[in-house]
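Notes to accompany the following structure.
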Amino acid sequence: MVSSSAPRSAARADPAAEVTPVGGAVVPGLAAGLGPDRLWSANFRAYFTARSVAMLGDTMLPVALSAGLLSYGYSAGDIGLVMAASTACFAGLVIFGGVFADRFNVRAQMIGADLVRVGSQSTAAALFVSHRVRLWEIVVIAMVNGTAAAMFQPGVASTIVRVATDVQGANAVTRTAESVASLAGPAFAGVLVGFVSPGAVFAVHAGTYLTSAVCLILLRFDRPPPKITAAGSFRADLAEGWREFSSRTWMWSVIVVWMVFMVFVVGPYTPLAAGQIIPEHGAGAYGLVNSALGAGTAVGALCALRIRAARPLRAGSLALFATALMPVSVGLDLPVAAMCGCVFVAGLGTAYWGVNWATSVQTQVPGTILNRIHAYEVAGSVAMVPVGQALAGPAAAAFGADHVLRAGGAVTVAVAVALLAIPAVRDLRRVPA
């Protein structure tokens, strides 16, 4: 994801000249000197390759996991158990990963997490290739992956401000790559499963983490990253991270609002949309709707590359209104073409918010606490997704899936209004270069 008095970081942001206000948000023109040569430095190229390749592998995994377990007679509930094991370990441990990242060598921690996942996914590949698949082993592998992800993720925020002089541009192109991966990864995984085996996808996934680790090893920095200077205890560092997080009204208020969004909109959307679209229009239509969402997020990220608001969270909150079209269009059972159009626009708004949020966190927070704060905001967001997924079924049974989805649209509008109503959020200004 995802107060004006918050400390400013030494990380560089994008210089921008304000121009005409649009819808209440000041939209600046592109600043001089933010050309592609400045963004695509050797360090950023290595980082971008690491993240893009790893994200491609991550989008392949659900296909391989589902197809592989089903082929051995396991149920959809078993697949959910494996995914929940990974998510629970990630959400529960990412805060501790943030403390480790601030105390020690964050790049080494990220490389180590990648190498652990090379081993875990290679093990999964061997199990599937040898036809010796036991559920408890896959659950353990998922827990290892979730733990490794919890150690990796906190370092993303502090690394991107070290490899990119244009932080918003870096977030935008990385988000675009993520969107492209969400389109290409499942299709590629499906081909591998169909023509080879699920084990082949796990082997490729292990290779993506190896590529990521090699790219991170290739990063070259002129100075070491900022570190915690006081020799405090682990508990004290954890408490300091919470104090810093809770002292920034713009940050904790966004996370509180976002938790509501996760429970009532994001969590229920995927299972309920599949249940609405596939029986009525077929699996192909569901694939088209998901592709439209991926395309919309790619375009939204590119818009964030060009449109740089002086008050980024205000502009992002305005864009979030478009996200209401996603659950509403499915809840109203619009024609497939209309659903695709609505979901495309929704993806655009979501991506524009996401880039502005990530850039605000990375440029507003000092480097010595950035990893811990990023960990707190990630944990607050991710932890609520399984809650929304778990409540989706009972809510649909009680009120009807279409009504739950339409209510999700109303909640999305309320979320955007709530964010705009918080002065610390709507008035947060971009950090100058």
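In table form, for the structure just shown:
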read-out	value
A351 vs. criteria of a type in the set (A, V, I, L, M), surrounded by 17 or more Cβ atoms within 10 Å (Cβ to Cβ) and closer than 21 Å to A322 by Cα	yes
Count - residues of segment 66-107 that are within 23 Å of the chain's Cα centre (by Cα), charged (D, E, K, R) and modelled with pLDDT under 85	1
Residues of segment 414-433 classified as among the aliphatic types (A, V, I, L, M), in a helix (DSSP H, G or I) and surrounded by 15 or more Cβ atoms within 10 Å (Cβ to Cβ), total	8
Selection status of V256, within 19 Å of V365 (Cα to Cα), modelled with pLDDT of 90 or more and part of a helix (DSSP H, G or I)	yes
Test: residue in segment 397-409 that is under 21 Å from the mean Cα position of the chain (by Cα), assigned by TED's automatic domain parsing to the domain that holds W252, within 24 Å of T176 (Cα to Cα) and part of a helix (DSSP H, G or I)	no
Candidates L192, L288, L210, filtered to the one that is at pLDDT below 85 and either out of contact with any Leu (no Cβ under 9 Å at 6 or more places or on another chain) or among the hydrophobic types (A, V, I, L, M, F, W, C) (or both)	L288
Flag for S158 being of a type outside the set (K, R), in contact with a Pro (Cβ under 8 Å, 6 or more places away or on another chain), crowded, with 21+ Cβ neighbours inside 10 Å and in a helix (DSSP H, G or I)	yes
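The values are calculated or read from the model by the stated rules, or taken from the named source; none is laboratory data. The structure displayed is predicted, hence computed values, not measured ones. Glycine also receives a Cβ, built like all others from the backbone with ideal geometry; neighbour counts cover every protein chain displayed.
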